[in-house]
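Here's the structure we're looking at; comments come further down.
Rule-based calculations on the coordinates, nothing more; no lab input. Here the structure is a predicted model, which is why all the values come from computation and not from measurement. Virtual Cβ from ideal backbone geometry, glycine too; neighbours counted across all protein chains shown.
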Amino acid sequence: METIHKRIDILFNSDAQTHEKLQKVCQLLHDEIPHYNWVGFYFTNGDKKELKLGPYVGAATDHVIIPFGKGICGQVAVSNETFVVPDVSAQDNYLSCSIETKSEIVVPIFKNGENIGQIDIDSHIINPFTERDEELLKSICEKVSEII
Ligand code: SME
């Protein structure tokens with residue numbers, strides 16, 4: 001994790017455009033953390049009460065637009081809280097991207113106190129997420145907030 005934090009810092013401090021930075025963050029997390037099988041960003045879609053898919057790495061998803069309140073992502077758009085789902089099969093309000101996905105974590109991104117989006121991680125393993133994941137993802141969300 002220590003090395004990943006450093007590599008994330010270098011990436012955010014680079015001259016790349018915002019979209020490219022976010023894409024590289026997804027790639028780095030996906031490649032370096034074995035239990036991260038899908039990594040992506042969703043952002044609030046203008047004035048609409050919905051999320052729109054941003055940069056991501058992993059299988060293509062049907063869920064490019066997610067209404068607020070729907071699925072894990074849509075619930076985080078409303079609750080403003082990190083949502084850790086150790087076992088997606090136990091969730092009623094869940095949007096499946098892939099039958100391989102067993103668990104998920106979604107961490108909101110705040111800009112000037114407003115919930116503007118989130119980072120979403122899917123895993124093929126049941127219950128893999130710890131406080132270390134939450135800490136890493138929260139620090140990434142704070143850095144995203146600074147460049148967006
Ligand atoms: N599973 C999410 C939908 C997004 S995909 O994981 C890429 C949800 O329930 O909101």
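Shape verdict for region 1-49, please, from the Cα gyration tensor: rounded (a/c under 1.5), prolate (a/b greater than b/c) or oblate.
Values: a/c = 2.75, a/b = 1.41, b/c = 1.95.
Note, shape of region 1-49 comes out oblate.
Where Lys and Arg each count +1 and Asp and Glu each count -1, what net charge lies around LYS24 among other residues with Cβ under 11 Å from its Cβ?
Numbers: positive: ARG7, LYS21; negative: GLU20, ASP31.
Combined, the nearby Lys, Arg, Asp and Glu give 0.
Using alpha carbons only, how many angstrom separate the centre of region 85-148 from the centre of region 1-54?
12
Anyone know which of ASP62, ASP31, ASP47 comes out most mobile in the 10 Å Cα GNM of the chain?
Comparing ASP62, ASP31, ASP47 in the GNM, the peak value goes to ASP47.
Multiplying the sequence separation of ARG132 and LYS52 by 0.36 nm and subtracting their Cα-Cα distance, what value in nm do you get? Please report the intermediate quantities before stating the final value.
Details: separation 80, 0.36 × 80 = 28.80 nm, distance 2.69 nm.
Gain on extension, ARG132 to LYS52, equals 26.1 nm.
Nearest 20 debye, what's the magnitude of the dipole of region 48-91 about its Cα centre given +1 on Lys and Arg Cβ and -1 on Asp and Glu Cβ?
On the way: 4 positive and 4 negative charges, 47 e Å.
So the dipole magnitude of region 48-91 works out to roughly 220 debye.
Out of GLY58, HIS19, ILE99, whose Cα points farthest toward the positive end of the dipole of the chain (charges: +1 Lys, Arg; -1 Asp, Glu; placed on Cβ)?
HIS19
Can you give the longest stretch of the chain with no exposed loop site, where a site means trypsin sites (Lys or Arg not before Pro) in a DSSP loop (not H, G, I, E or B) with at most 16 other C-beta atoms within 10 Å?
Values: sites that count: LYS48, LYS49.
Within the chain, the longest run free of exposed trypsin sites (Lys or Arg not before Pro) spans 50-148.
Going by the alpha-carbon gyration tensor, a ≥ b ≥ c the square roots of its eigenvalues, is region 92-144 rounded (a/c under 1.5) or, if a/c is not under 1.5, prolate (a/b greater than b/c) versus oblate?
Working: a/c = 2.90, a/b = 1.61, b/c = 1.80.
Oblate, because a/c is 1.5 or more while a/b does not exceed b/c.
So which GluC sites (Glu not before Pro) in region 13-87 are both in a DSSP loop and have at most 15 other Cβ atoms within 10 Å of their Cβ?
Working: sites: GLU20, GLU32, GLU50, GLU81; in loops: GLU81.
Those that pass, being in a loop and sparsely packed, are GLU81.
Taking a ≥ b ≥ c as the square roots of the eigenvalues of the Cα gyration tensor of region 14-97, is the shape rounded (a/c under 1.5), prolate (a/b larger than b/c) or oblate?
Working: a/c = 2.02, a/b = 1.25, b/c = 1.61.
Taking the square roots of the gyration eigenvalues as a ≥ b ≥ c, region 14-97 is oblate.
When all C-alpha to C-alpha distances in the chain are sorted into bins of 10 Å, what percent of pairs does each bin hold, rounded to whole numbers?
The distribution over the chain is 12, 46, 36, 7, 0, given as percents.
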